[in-house]
Amino acid sequence: MAADVDSMLKVMRHRGPDGSGQWRSPDGRYHCGFTRLAIVDLSTGDQPILAADGRRVLVGNGEIYNYLELRQHPACRDYPWRTQGDMEPVLPLADAFGSDFVDHLNGMYGLALYDGASHALTLVRDRLGIKPLYWTRLDDGTVVFASEVKGLFASGLVVPEVEEAGVAAYLAHNWVPAPATLWRGVRKLAPGHMLTIDADGTIAERCYWRPHPAATVPGDFDQAVEEMTALLDDSVRLQLRADVPLGALLSGGLDSGLVVALAARRLDRPLNTYTVRFEGAAYDETPLAAQVARRYGTHHQVFTLTMAEVADHLPMLAWYCDEPLADASLLPNQMISQVLGHEVRVVLNGTGGDELFAGYGRYFQLPVEARYLELPRALRRGAIEPLMRWVSPMQAWRLSRGEKFVTDGGGYLHDHCTLFPPPILDLIGCGLPRPPPAQAAVFAAYGGDSQSAALAADLSTYLPEDLLLLLDRSTMAASVEGRVPFLDHRLVEAALAVPAGIRTRGGRQKALERAMAARLLPADVLEAPKRGFASPAAMWMRGELGNLARAILTSETALRRGWWTRQGIDRLAAAPGRHAHRLYALLMLELTIRLHGEQRHQAPPSLGLRDLAA
């Protein structure tokens, strides 16, 4: 059977509304398509790109930022270029270096490179997993791939069926770790991985990059400040390359502030910057952002987003996401992107700064945990925790996880992130087996100091599976390209080489990054506490959304799946202050299954939660 490539492109049209193209091999064994968001080389940059000798065919999602430098590489210098774009250098590099061509790329990408001579297909995902790539193998050996899961379903060859192990993984992590997905048979190419399918159907996958420290370690704090700032500045330089309007999200925090400061200094025109405040938020970051905007003379706009229509947006959001994601900030981010889509086609943001410079509290043991661990272990394990399980199973679990900071660093990270620890699974009546934490394997394999291992674990799991999935889906839904200067792999490797005593000097989160920003950002921004960009989920669940969520989650359709009970949902709904994010997570899982697995919508749905709850 042949894939319906037309339908695959149509269902992903939002990712590239500026044109599309297809290529089919003369023998019909390979068929690819591409839908384009034109960012670089607007006139000649269409895809698929056929090599000059006709041997290779390339389709590539994302951007290769160092394409101008690559065009001057000895392997590329005499190549007869057909485009002026960023993707074409892959073809001469592949001729010169084989699969090692990827080592020369700096960017975010999902690539499919077909060799007509050997009938071999190579799929590549960028080092950090900024861009997605999904694939599946059918019973007859056919391999189908796409940038979104819904693209696979639109092929007419892939039937959406839920994999229950994916549900268990979602409840454990708030996302489904690669290479698995929620959907049976659908695989997610992991960050920094390459997949090759040979002519005889043999599939080989290899990891070509993983987070690791650079060979050179900064000698002292001041040297680290200079080196990290220079690398971030060069990353910004590369990521400002675009032939379309460009802007930057500007919050009141260090990460976006640094990106804006470095970008504004490199432009010969005012940078477009955008700050968002939304109804129900616990704080307003616009005054801090305004200080940065004034310092750098940006063309600054503030958008106020109301959340009155949350119930109407969530089904559409679940459709665009097509993997369940428990992060409730997906909604405001998608709404922001919709606004930006009318003004710019590229937006820079500060994602990744926390994972490079230790910006989360989970990289440091909680003081209450440290004090508790001063008690004899026999007393803790033999008396306090068994007694506490009778009084408060959740509190007993929190006490027990503290020891993992020393004995199981990856498990500690996981326990401080999961929405559904064992006591909550018991509360909702979920009997699914609990998978091992995805963070644990990365942490254990890293081999460096515990703080750096924790950063590497988050860089390999939480970052691509949550934050970058959120970035990709929310921006691409509005046909906007989100760029992340902190995730230049050179900066990642350098940051991991920094000793913890320098990175968090004095035991302070992001001490090194604060020093980097000291000459660039206002003092108020430097000293502002970290708050993050959180959605007012508790407020949502206290209102109509809570009632609709409860109705959907206790419907016969949802209860028949057997992953929770009516009584369990009632317990969550009765305490939205504690359980709002859990209700949201279950709701997004249910919506994903209904829209893609059962109703199989081929376009963003016009129905709202009220329709689904009826």
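Before moving on, here are some points about what is shown:
- Taking every protein chain into account, the accessible area of region 413-539 amounts to 32 square angstrom per residue (probe 1.4 Å).
- When only alpha carbons of region 472-557 are considered, Rg and Dmax amount to 20.4, 59 Å.
- Distance histogram in 5 Å bins (all Cα pairs of region 329-376, percent per bin): 4, 15, 14, 13, 12, 11, 9, 7, 6, 4, 3, 1, 0
- Of the residues LEU595, LEU267, ranked by 1.4 Å probe accessible area with the largest first, the sequence reads LEU267, LEU595.
- log₁₀ of I(q)/I(0) at q = 0.13, 0.16, 0.19, 0.20 Å⁻¹ - region 232-284, Debye sum with one point per alpha carbon: -0.36, -0.52, -0.67, -0.73
- Most to least packed among 337-343, 461-467 [average Cβ atoms within 10 Å]: 461-467, 337-343
- Sum of -39500 (n - 2.57) over DSSP H runs of 4+, divided by residues of the chain (222 nm, nearest 500): -11000 deg cm²/dmol
- Rel. contact order, % - alpha carbon contacts under 8 angstrom, at least six apart, region 12-131: 22
- Accessible area per residue (1.4 Å probe, heavy atoms of protein chains only) ranks ARG560, ARG269 as ARG560, ARG269, with the largest value leading.
- Descending principal axes extents, region 180-336, alpha-carbon based, whole Å: 60, 52, 34
- Relative contact order %, region 411-532, counting alpha carbon pairs below 8 Å whose residues are six or more apart: 14
- Positive-end extreme of charge dipole, region 129-177 - chosen from GLY141, VAL162, PRO177 (charges on Cβ): PRO177
- Per residue Cα convex hull volume in Å³ - calculated over region 276-359: 149
- Between region 444-511 and region 94-126, the C-alpha centres lie 25 angstrom from each other.
- Computed Kirkwood radius, in angstrom, where 1/r is averaged over Cα pairs of region 267-421: 19.7
- Surface composition of region 388-515: carbon plus sulfur atoms hold 58% of the accessible area, using a 1.4 angstrom probe and ignoring ligands, DNA and RNA.
- Centre-to-centre separation between the Cα atoms of region 224-247 and those of region 129-188: 33 Å.
- Rounded, prolate or oblate (a/c below 1.5 giving rounded, otherwise prolate when a/b exceeds b/c) for region 391-494 by Cα gyration tensor: oblate
- Gyration tensor (Cα) of the chain, equivalent ellipsoid semi-axes in angstrom: 36, 31, 25
- Distance histogram for region 1-40 (every C-alpha pair counted, 10 angstrom bins, percent rounded to whole numbers): 29, 48, 21, 2
- Working note: Karplus 6.51/-1.76/1.60 with θ = phi - 60° gives region 341-348 the couplings x, 7, 10, 9, 10, 9, 9, 8 Hz, where Gly and Pro are set to x.
- Largest to smallest in accessible area, the residues ASP472, ASP4, ASP140 fall in the order ASP140, ASP4, ASP472 (1.4 Å probe, all protein chains included).
- Anisotropy class of region 26-98 from Cα gyration tensor, a/c 1.5 cut: oblate
- For PRO92, the shell of other residues with beta-carbons less than 12 Å away shows a net charge of +1, using +1 for Lys and Arg and -1 for Asp and Glu.
- Antiparallel content of DSSP bridges confined to the chain, in %, to 5: 70
- Pairs beyond 32 Å (Cα-Cα), from LYS10/LYS510; LYS188/LYS404; LYS150/LYS530: LYS10/LYS510; LYS150/LYS530
- The amide H of ARG36, built 1.01 Å from its N in the peptide plane, has ASP18, GLY19, SER20 as neighbours under 5 Å, considering only residues 5 or more places off or on other chains.
- Short-range pairs are left out: with C-alpha atoms under 8 Å and at least six residues apart, the relative contact order of the chain is 17 percent.
The values are calculated or read from the model by the stated rules, or taken from the named source; none is laboratory data. Note that this is a predicted model, so its numbers are computed, not measured. In this analysis, Cβ positions are derived from the backbone assuming ideal geometry, glycine residues included, and neighbour counts consider all displayed protein chains. Heads up: the accessible areas ignore ligands, DNA and RNA and are worked out on the full protein's heavy atoms, side chains in. Shrake-Rupley method; radii C 1.70, N 1.55, O 1.52, S 1.80 Å.
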